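**Student:** Have a look at this one before I ask anything.
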Amino acid sequence: MKGQLIGAAMIGLMLLAGACGSKEKKNESGETQIENLSFESFRFERIGEYEDSDSLASDGEKYVRYISEGVLPRDLGTGGAGLLRDSLMRMAWIVTDEEGLPAPRMQGGIVRGYSIPDSVINCSFIYSSMSTTLLTPRVVVWEVERETYAYHAAHANRFMGFVNYNLTTGKILSLSDLMKPGYEAPLAEMVRNKLAEDSVELLVDPKEIELPQSFAITTDGILFSFNPYQIAPYSEGIIKVELSLDEIFDYLSKEGLIILEGNAD
């Protein structure tokens with residue numbers, strides 16, 4: 001099927017923040033406002049077929065169904081959203097096609113197809129989605145989920161990742177941007193304690209668990225996630241651990257306080 005944008009979700013927000021290279025103006029109180037923050041939604045479904053499909057034993061092995069949907073940044077008021085957009089698309093395994101629309105990133109040996117015979121009930125698939133989970137005058141947070149299934153496999157594989165984008169600086173945030181030096185050990189200990197409280201079945205020694213790279217800023221603090229097999233069996237699914245603002249407050253840097261609380265006082 002042909003990928004197609006299904007709409008432009010224009011969000012006309014006037015954010016009270018300063019931004020390098022943004023479209024901005026002063027309001028009556030003298031505060032700087034970012035204009036034209038906007039997103040675009042998309043959805044596509046396409047079929048891939050293995051180049052050597054004639055040599056494969058069953059029809060289900062010949063095809064891969066690609067389905068993706070979500071929201072991409074169009075204009076974030078910080079001199080363009082190109083880097084952020086590229087990062088999100090890489091996480092979701094999508095690219096831009098010849099018409100400038102989101103399309104699947106097809107693996108080697110797979111060519112683009114247009115239909116699957118009616119006789120094929122099951123085949124491999126790759127499904128991805130991206131959505132915004134938090135939008136404040138200072139930060140927008142994206143969540144990317146991906147599920148892949150290889151025909152005849154025992155189960156699908158799942159992935160979750162996050163991108164936290166500072167609307168004021170136009171920068172993708174790392175955890176070290178939000179924290180004072182030396183935060184790693186105490187926060188990792190908090191995460192291990194939460195896992196123990198939730199009786200998570202682990203594949204590794206709890207003492208070996210470190211802070212995951214995947215995190216999301218929330219209205220209540222910071223959320224960490226572990227993908228299947230990262231620290232636990234597939235049966236545990238994607239494991240989420242949230243640390244509240246009160247729990248992490250003493251470890252927040254000045255930037256972290258501004259992002260999460262709105263001020264550094």
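The values are calculated or read from the model by the stated rules, or taken from the named source; none is laboratory data. Note that this is a predicted model, so its numbers are computed, not measured. Neighbour counts run over all protein chains shown; Cβ positions are idealised from the backbone, glycine included. Remember, those area values only see protein heavy atoms, side chains included, never the ligands or the DNA or RNA. Shrake-Rupley method; radii C 1.70, N 1.55, O 1.52, S 1.80 Å.
**Student:** In µm²/s, what is D for segment 215-257 at 10 °C and 1.306 mPa s, where D = kT/(6 pi eta Rh) by Stokes-Einstein and Rh is the Kirkwood radius from Cα pairs? All intermediate terms of the calculation are to be shown ahead of the outcome.
**Tutor:** Numbers: Rh = 11.5 Å.
Diffusion coefficient, whole number: 138 µm²/s.
**Student:** Let me see the pair-distance distribution of segment 67-131: every alpha carbon pair, 5 Å bin width, integer percents in order.
**Tutor:** 3, 13, 23, 23, 16, 10, 6, 4, 2, 1, 0
**Student:** Please give the per residue accessible area of segment 122-265, computed with a probe of 1.4 Å over protein heavy atoms only, in Å².
**Tutor:** On the way: 6980 Å² over 144 residues.
The answer is 48 Å² per residue.
**Student:** Next question. Hey, which of these cross-link pairs are over 28 Å Cα-Cα: 194/254; 171/194; 171/207?
**Tutor:** Details: 194/254 26 Å; 171/194 30 Å; 171/207 33 Å.
Beyond 28 Å between Cα atoms: 171/194; 171/207.
**Student:** To continue, here is another question. Given 0.36 nm per residue, what is the gain on full extension from residue 169 to residue 125 after removing their alpha carbon distance, in nm? Walk me through the numbers on the way to the answer.
**Tutor:** Numbers: separation 44, 0.36 × 44 = 15.84 nm, distance 3.77 nm.
Taking 0.36 nm per residue and subtracting the Cα distance, the gain is 12.1 nm.
**Student:** Could I ask something else about it? Which ³J(HN,Hα) values in Hz, rounded to whole numbers, follow from the phi angles of segment 164-181 under the Karplus curve 6.51 cos²θ - 1.76 cosθ + 1.60, where θ = phi - 60° and Gly and Pro get x?
**Tutor:** These are the phi-based 3J(HN,Hα) values: 10, 10, 7, 5, 6, 9, x, 10, 6, 7, 9, 4, 5, 5, 8, 10, 6, x Hz.
**Student:** Now for a different question. For segment 121-166, just the Cα set please: Rg and Dmax, both in angstrom.
**Tutor:** Spelled out, the Cα radius of gyration and Dmax of segment 121-166 are 14.7, 47 Å.
**Student:** Measuring from label point to label point, each 7 Å out along Cα→Cβ, what is the residue 250 to residue 87 span in nm?
**Tutor:** Placing both labels 7 Å along Cα→Cβ, they lie 3.0 nm apart.
**Student:** If Rh is defined by the Kirkwood formula over all Cα pairs and Rg also comes from Cα, what ratio Rg/Rh do you get for segment 71-223? Numbers along the way, then the final one.
**Tutor:** Working: Rg = 19.1 Å, Rh = 18.5 Å.
Here the Rg-to-Rh quotient is 1.04.
**Student:** Calculate the spin-label point distance for residue 53 paired with residue 208, positioning each point 7 Å from the Cα along the beta-carbon direction, and give it in nanometres.
**Tutor:** For the pair residue 208/residue 53, the computed spacing is 4.2 nm.
**Student:** Over all pairs of distinct alpha carbons, what does the Kirkwood formula give as the hydrodynamic radius of segment 133-198, in Å?
**Tutor:** Details: mean 1/r = 0.0665 Å⁻¹.
Final number for the Kirkwood radius of segment 133-198 is 15.0 Å.
**Student:** Stokes-Einstein at 4 °C, 1.567 mPa s, Kirkwood radius from Cα pairs: D for segment 196-235 in µm² s⁻¹?
**Tutor:** Values: Rh = 11.4 Å.
Reported coefficient: 114 µm²/s.
**Student:** Quantify how much of the Cα-Cα distance distribution of segment 166-265 extends past 18 Å, in percent. List each step's numbers first, then the result.
**Tutor:** Working: 2306 of 4950 pairs.
Cα-Cα pairs of segment 166-265 separated by over 18 Å account for 47 percent.
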